[in-house]
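One structure is given here, and the rest of the page talks about it.
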Amino acid sequence: MADKQRNVPDDPLDKLFTPEIVKRLQSETNPSEGLVGRLHVVAPWNPYEDPKIHESLQEKAYRKRELVRSIWNGYLRSAWECGFFGDPHGKELRTRLTGKDDENFRSAMDECMTCWLFHSLQGFDVAPYPKGRKSGQLEMIVSLPDGDAFVEVKSPEDRQVHVSVETPLSADPSERAEMFQKIDGARLDGCFEEASKQFDSGRRNILVFCPHFDFDVWFDRNRMIEPLYGEWTYKFYVSEDPSVPPREGESYIAPVGRFTKYYSDRGGPRHTRISLAVSIEWFFAKDLSSVEHNVIVVPNHYAACPIDVSGWKDCVRLLIEERNGTLLLSWSDGADLMGGPEQEG
């Protein structure tokens with residue numbers, strides 16, 4: 001592991017977003033909604049004095065701003081402690097965080113959030129930017145209790161998604177359109193395809209999704225199950241004898257996901273390079289007292305180099321049991337396999 005960067009600022013956002021950088025961003029003639037939302041967080045801004053914020057929303061906007069500043073500073077502090085802002089890559093990370101491009105900011109902050117997940121939440125040592133396949137660069141290497149694991153971070157999105165302190169990040173799942181499920185699954189699958197080419201074989205590899213979807217993966221976990229293990233299918237039975245009632249139908253997961261695909265010619269699982277997939281999302285507590293994180297861990301049952309996640313904290317794991325050649329799947333929190341936990345209110 002690389003030496004840690006010890007000179008961690010008390011307020012990393014203030015360290016990064018200097019008055020000069022804030023002025024440059026504020027001078028953009030046609031700023032995106034994402035940039036406007038970021039400036040509300042990183043620059044001096046008082047919703048109580050902003051005529052665009054209705055009086056009834058001022059307190060909520062203020063509390064959201066403070067919460068977002070707090071978690072962003074937490075992510076950045078973890079990355080600073082682990083050397084992400086040191087030479088030779090620190091300049092590039094700073095540029096992505098402080099530029100006007102929404103996608104660059106989002107992916108850079110997601111990398112810092114992933115560092116926070118492993119370093120601050122799980123308590124593992126983390127070092128930045130190890131070499132991947134064909135001398136490519138991965139995001140980080142994590143020292144797990146039983147050895148190192150290499151990490152790649154992906155930030156799939158439905159559409160332009162931005163942090164706003166005036167409105168929630170997402171609508172109630174009951175009001176969300178079903179059609180996005182296939183779209184999100186395809187985007188996760190694309191991330192898997194890309195990461196498979198970046199990871200080297202013979203090593204333990206972790207693919208982290210930081211999804212920016214209109215639907216929370218946490219409440220619709222089919223978005224993880226379908227691209228990784230397979231599609232929910234229903235089997236009907238027909239009786240040839242009209243006098244005999246047909247056998248009751250049954251539902252099952254057709255093994256067509258990345259982790260369950262087999263070679264058609266020589267047999268054996270095709271995708272063994274990725275040891276496990278992780279999804280991390282954050283949301284405001286209902287009373288705006290805090291920001292909470294939802295972490296889902298999906299092991300690859302056929303990984304060449306598996307990872308034991310039984311001791312990981314504050315996450316939900318996909319539990320896998322193989323019985324007579326069939327994989328039995330369940331969530332460690334007891335939630336519906338293809339759905340998720342029920343939402344309050």
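Think of the chain as having a plus end and a minus end, set by charges on the Cβ of Lys, Arg, Asp and Glu; of 229, 109, 253, 109 sits farthest toward the positive end of this dipole.
Of the three principal axes defined by the Cα atoms of segment 46-99, the extents in descending order read 47, 20, 11 Å. Among the GluC sites (Glu not before Pro) within segment 248-345, those in coil by DSSP and having at most 15 neighbouring Cβ atoms inside 10 Å are 248, 342, 344. Summarising the amide proton neighbourhood of residue 271: residues at separation of 5 or more, or on other chains, whose placed amide H is nearer than 5 Å comprise 261. Working note: 222 nm ellipticity from helices only, DSSP H runs with n ≥ 4, each -39,500 (n - 2.57), summed and divided by the residues of the chain, gives -9000 deg cm²/dmol to the nearest 500. Running a GNM on the chain with Cα contacts under 10 Å, which residue among 202, 99, 257 ends up with the highest mean-square fluctuation? Of 202, 99, 257, the Gaussian network model singles out 202 as fluctuating most. Choose one answer from 118, 150, 284: the residue with the largest mean-square fluctuation in a GNM of the chain with alpha-carbon springs under 10 Å. Comparing 118, 150, 284 in the GNM, the peak value goes to 284. The 3J(HN,Hα) values that the Karplus relation (6.51, -1.76, 1.60; θ = phi - 60°) gives for segment 195-211 are, in residue order, 5, 4, 7, 8, 7, 8, 7, x, 9, 7, 10, 10, 9, 9, 9, 10, x Hz. Gly and Pro appear as x. Decide, for segment 194-242, between rounded, prolate and oblate: order the square roots of the alpha carbon gyration tensor eigenvalues as a ≥ b ≥ c, take rounded if a/c falls under 1.5, and otherwise choose prolate if a/b is larger than b/c, else oblate. Oblate, since a/c reaches 1.5 and b/c is not below a/b. A simple packing score, the average count of other Cβ atoms within 10 Å per residue, orders the peptides 206-218, 16-28, 101-113 as 206-218, 101-113, 16-28, with the highest score first. Need one word for segment 241-302: rounded, prolate or oblate. Basis is the Cα gyration tensor (sqrt eigenvalues a ≥ b ≥ c); a/c below 1.5 gives rounded, then a/b vs b/c decides. Taking the square roots of the gyration eigenvalues as a ≥ b ≥ c, segment 241-302 is oblate.
Principal axis extents of the Cα atoms in the chain, from largest to smallest and rounded to whole angstrom, are 79, 49, 35. DSSP bridge analysis restricted to the chain gives an antiparallel fraction near 70%, rounded to the nearest 5. Projected onto their three principal axes, the Cα atoms of segment 1-122 cover extents of 50, 31, 22 Å, largest first.
No lab work stands behind these numbers, since they all come straight from the coordinates. Since we're looking at a predicted model, the values are computed, not measured. Glycine gets a Cβ as well: all are built from the backbone with ideal geometry, and neighbour counts include every protein chain shown.
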